[in-house]
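The values are calculated or read from the model by the stated rules, or taken from the named source; none is laboratory data. Just so we're clear, the structure is a prediction, and the values are computed from it rather than from any experiment. A quick note on method: Cβ atoms are made from the backbone with ideal geometry, for glycine too, and the neighbour counts reach across all protein chains shown. Please note that ligands, DNA and RNA were not included when accessible areas were found on the heavy atoms of the full protein model with its side chains. Shrake-Rupley method; radii C 1.70, N 1.55, O 1.52, S 1.80 Å.
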Amino acid sequence: MSFSTTALRGVFTTSLVTSVVVLSPILTAIAQAETLNGAGATFPAPLYERYAREVKKKHPDLTINYQGIGSGGGIRQVIAGTVDFGGSDAAMKDDEINKVKNGVILVPTAGGAVSVVYNLPGVNNLKLSRSTLPAIFAGQITNWGDAKIKADNPGVNLPNQPIKFVVRADGSGTTFIFTNHLSAISSYFKGRIGANTAPKWTLPNVLKGKGNPGVAALVARTPGAIGYVEYAYAVKNNLKSAQIQNKTGEFVSPSLQSANSALATVSFPNNYRVFVGDPGQGYPIVGLTWMMIYKQYGNANKANAVKKWINWVLQDGQQYNDDLNYTKIPADVVSRVLQTVNSTVK
């Protein structure tokens, strides 16, 4: 039996065409798949990790990598153009925004409380007033047996031992939220330390931890310690959180409900940049966190992937905020942000 050369060519051509037809959807899927790399604030890192897992269910072609390096690092990387998006709990300042050559949009993604965490065996409901808390972190109160702390906690057996302060080693939006509040309620703290992502602390017995996880770990293993972390880290690490006195004089524990109460009256301007110094109700040490995205990506696939990501975060993703003790972004603000993102990002 024999086959003609023409017949063989016909079989080969048909097979090749069939292969191309079969493979083309795979090639198309590969071409459309996008990976977005982000870095920045550790405050929302547990939430962004959840987002990254959940978004795959709706968009299997979209992969999100996020590294918690601190808000300062996130802003620096956005300015340098080395990430697809950044994360920060300290809204970018005008001079920082002006350094981003491709333009930047601040996208609010969540809000939350900053817990004042402490390690005092036997003391379970520590209260800190509006005068005592800033005095502690300004270095005016350095012993747990100080009269001012005792006055806030009548009947509580406070130890006569030095306070061991735990602060952030890195530039931090959590630090900004914390120091922004203390600056708003204490002129002494404002003049000596001020609202900053990386303040120059003038504290004795000071320990420094990298990120929220580092501060939480140091407080957990250091008797006599006090520090500040995003509320989700306090819960995750079973740390005690102090009750903080708010503007109305009430001592309030950090929680999702009390953070929502504090942020309920926040008004978002056109650039979505908000600094919450001393809210009129609820838990007083609260703030927002933002993703920073570029206006110009110069690559249509990348720009479309970023828009797909932000649309998912502000629509589908918000349902996961409550699970991890973060507040949601109000629906009217979501609508405004998405209009800005979808019409601006190229």
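Might you let me know whether segment 236-246 holds any residue that is touching a residue at least 60 places away in the same chain (Cβ under 8 Å) and of a type in the set (D, E, K, R)?
Among the residues of segment 236-246, at least one is touching a residue at least 60 places away in the same chain (Cβ under 8 Å) and of a type in the set (D, E, K, R), which makes the answer yes.
Filtering segment 94-109 down to residues that are of a type outside the set (A, V, I, L, M, F, W, C) and over 17 Å from the mean Cα position of the chain (by Cα), which residue is surrounded by the most Cβ atoms within 10 Å (Cβ to Cβ)?
Among those that are of a type outside the set (A, V, I, L, M, F, W, C) and over 17 Å from the mean Cα position of the chain (by Cα), it is 96.
Within segment 89-106, track down each residue that is at pLDDT below 95 and of a type in the set (Gly, Ala, Ser).
Hits for segment 89-106 are 90, 91.
Could you check residue 112 against (1) at pLDDT 95 or above; (2) buried (at least 21 other Cβ atoms within 10 Å of the Cβ); (3) of a type outside the set (Ser, Thr, Tyr); (4) within 28 Å of residue 92 (Cα to Cα) and say which number it fails?
(1)
How about segment 160-172: which of its residues are open to solvent by 40 Å² or more (accessible area, probe 1.4 Å) and either in a loop (DSSP other than H, G, I, E, B) or of a type in the set (Val, Ile, Thr) (or both)?
Listed by number, the residues that qualify are 160, 161, 169.
Could you grab me the full set of residues in segment 322-346 that are open to solvent by less than 70 Å² (accessible area, probe 1.4 Å) and of a type in the set (D, E, K, R)?
Within segment 322-346, just 322 meets the criteria.
Got a number for residues in segment 54-72 being closer than 30 Å to residue 215 by Cβ, in contact with a Ser or Thr (Cβ under 9 Å, 6 or more places away or on another chain) and not aliphatic (A, V, I, L, M)?
Result for segment 54-72: 6.
Among (1) under 14 Å from residue 309 (Cβ atoms); (2) open to solvent by 10 Å² or more (accessible area, probe 1.4 Å); (3) out of contact with any Leu (no Cβ under 6 Å at 6 or more places or on another chain); (4) not in a loop (DSSP other than H, G, I, E, B), where does residue 64 come up short?
(3)
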